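Enquirer: Please find one structure pasted underneath; my questions will follow.
The values are calculated or read from the model by the stated rules, or taken from the named source; none is laboratory data. Please read these numbers as outputs of a predicted model, since none were measured by experiment. Cβ atoms come from the backbone with ideal geometry, glycine included; neighbour counts cover every protein chain shown. Just the protein is used for accessible areas: all its heavy atoms, side chains included, with ligands, DNA and RNA removed. Shrake-Rupley method; radii C 1.70, N 1.55, O 1.52, S 1.80 Å.
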Amino acid sequence: MSSTTTESLSSREPAPSPAGPASRNAKRPHPGPTFFRVLHSEIIKFRSLLSTLILLASTAVVMVGFGALSAWGTGQFTNAATRDPQAAARMASQGGDLAISAPTSGIAFAQLILGSLGVLLMSSEFTTGMARSTFAAVPKRIPAFAAKLVVVMVTSFVVTAVSTWLAGLVAVPILDNYGLKLDMGSSQSVKLLLVNSIYVAAVAAIGMALGTLLRNSAGGIMSLVGIFFVAPLAFQLIPGDFFKEARKYLPGNTVEPLTAVQHVPDTLEAWQAGMVLGAWVVVPVLLAAVLLKRRDV
């Protein structure tokens, strides 16, 4: 074969890429960090903020304080009722029920504090501009959102459960002075502790979804207050069967059916209340995740 033929064949072969495999690997999109690494970073970020620690400590103080105040008020009411024979008969059947609810008397304030924490956890990402760096490190966005959701829900559950238990320990000696007994190890006490802790964790998840949707701390907190505090009062004051029936489906009215020993009239069944509360969590969280994925930072 002549040299001319050899040169023409070699000229037809494609030239090798100067960068080789390294260039091809560089063009592949990076999958991003694993979920557990994202979760670990969110835990570090969560516990490093002083405002977060203050809100968690405030929740415990409020729960214990209202537990002690409720125990004292229950005892005073018992003493006053004993002077009235008819009231004494009623207290004989209701005293235990009043005493057992003392440790959870501060739940309304705990849900406000931890629900607001859920709002701030996500809205602050946008108000401070941290969302750009967060989603640059986690391009898929959903792992970061899910990690924040896990952190705020688990923290809210644990803080509420521990605070309720501490409130019960404080309430026991106060109730003993008035002849009322509170057994924190009873099945009903454990049920109240667990259900209320799950409820507050659900409120925190709703708050985080509102913070993601609105991207504004004040707007998210006001929306949370409207759903859990204003709407129940408004539905109660507005006459009509529609609002009376719709009031049952507000998230704040799902706790009583879930914790009652027997079915309370004009409330949902326990399984219905559980499904309604679950829907109040799942729907806004899914909507927030979808919009977070589609909207610009």
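Enquirer: Could you tell me the calculated FRET efficiency between ARG47 and VAL282, based on Cβ-Cβ distance and R0 = 30 angstrom, to the nearest 0.05?
Expert: 0.65
Enquirer: Further question: Which distance in nm do the two modelled labels at PHE35 and LEU250 give, with both placed 7 Å along the Cα-to-Cβ direction?
Expert: Label-label distance for PHE35 and LEU250, simple model: 3.5 nm.
Enquirer: Let me ask something additional. Of the trypsin sites (Lys or Arg not before Pro) in the range 208-297, which ones lie in a loop per DSSP and count no more than 13 other C-beta atoms within 10 Å? Intermediate results must be reported in sequence, preceding the final value.
Expert: Values: sites: ARG215, LYS244, ARG247, LYS248, LYS293, ARG294, ARG295; in loops: ARG215, ARG295.
Taking the range 208-297 and a limit of 13 other Cβ atoms within 10 Å, the loop trypsin sites (Lys or Arg not before Pro) found are ARG295.
Enquirer: Could you tell me which of rounded, prolate or oblate describes the range 33-294, using a ≥ b ≥ c as the square roots of the eigenvalues of the alpha-carbon gyration tensor, with rounded for a/c under 1.5 and, failing that, prolate when a/b is larger than b/c and oblate otherwise? Show your work: numbers first, answer last.
Expert: Numbers: a/c = 2.53, a/b = 1.73, b/c = 1.46.
Prolate shape, in that a/c is at least 1.5 and a/b is the bigger ratio.
Enquirer: Turning to a different aspect of this structure: With a cut-off of at most 16 other beta carbons within 10 Å, and DSSP calling the residue loop, which trypsin sites (Lys or Arg not before Pro) in the range 112-141 qualify? Please list them.
Expert: When the trypsin sites (Lys or Arg not before Pro) of the range 112-141 are filtered for loop state and at most 16 Cβ neighbours within 10 Å, LYS140 remain.
Enquirer: Computing the accessible area with a 1.4 Å probe over protein heavy atoms, can you report the carbon and sulfur percentage for the range 33-294? Intermediate results must be reported in sequence, preceding the final value.
Expert: On the way: 9070 of 13080 Å².
For the range 33-294, the apolar C and S fraction of the accessible surface comes to 69 percent.
Enquirer: Quick one: 3J(HN,Hα) in Hz for the range 178-192, Karplus 6.51/-1.76/1.60 with θ = phi - 60°, rounded, Gly and Pro as x.
Expert: Running phi through 6.51 cos²θ - 1.76 cosθ + 1.60 with θ = phi - 60° gives 10, x, 9, 10, 10, 9, 6, x, 6, 4, 5, 5, 5, 4, 4 Hz.
Enquirer: I'd like the Karplus ³J(HN,Hα) series for the range 54-70: coefficients 6.51, -1.76, 1.60, θ = phi - 60°, whole numbers in Hz, and an x wherever there's a Gly or Pro.
Expert: Residue by residue, the range 54-70 yields 5, 5, 5, 5, 4, 4, 5, 5, 5, 4, 5, x, 6, x, 5, 5, 5 Hz.
Enquirer: Which ³J(HN,Hα) values, rounded to whole Hz and listed in residue order, are derived for the range 107-116 from phi using the Karplus coefficients 6.51, -1.76 and 1.60 in 6.51 cos²θ - 1.76 cosθ + 1.60 with θ = phi - 60°, glycine and proline given as x?
Expert: These are the phi-based 3J(HN,Hα) values: 4, 4, 7, 5, 5, 5, 5, 6, x, 5 Hz.
Enquirer: Now a separate question. Calculate, in nm to one decimal, what HIS263 and VAL162 gain on full extension: separation in residues at 0.36 nm each, minus their alpha carbon distance.
Expert: Length gained between HIS263 and VAL162: 33.6 nm.
Enquirer: Still on this structure: Could you rank the peptides 58-64, 110-116 by their average count of other C-beta atoms within 10 Å per residue, with the highest value first?
Expert: So the peptides 58-64, 110-116, ranked by packing, come out 110-116, 58-64.
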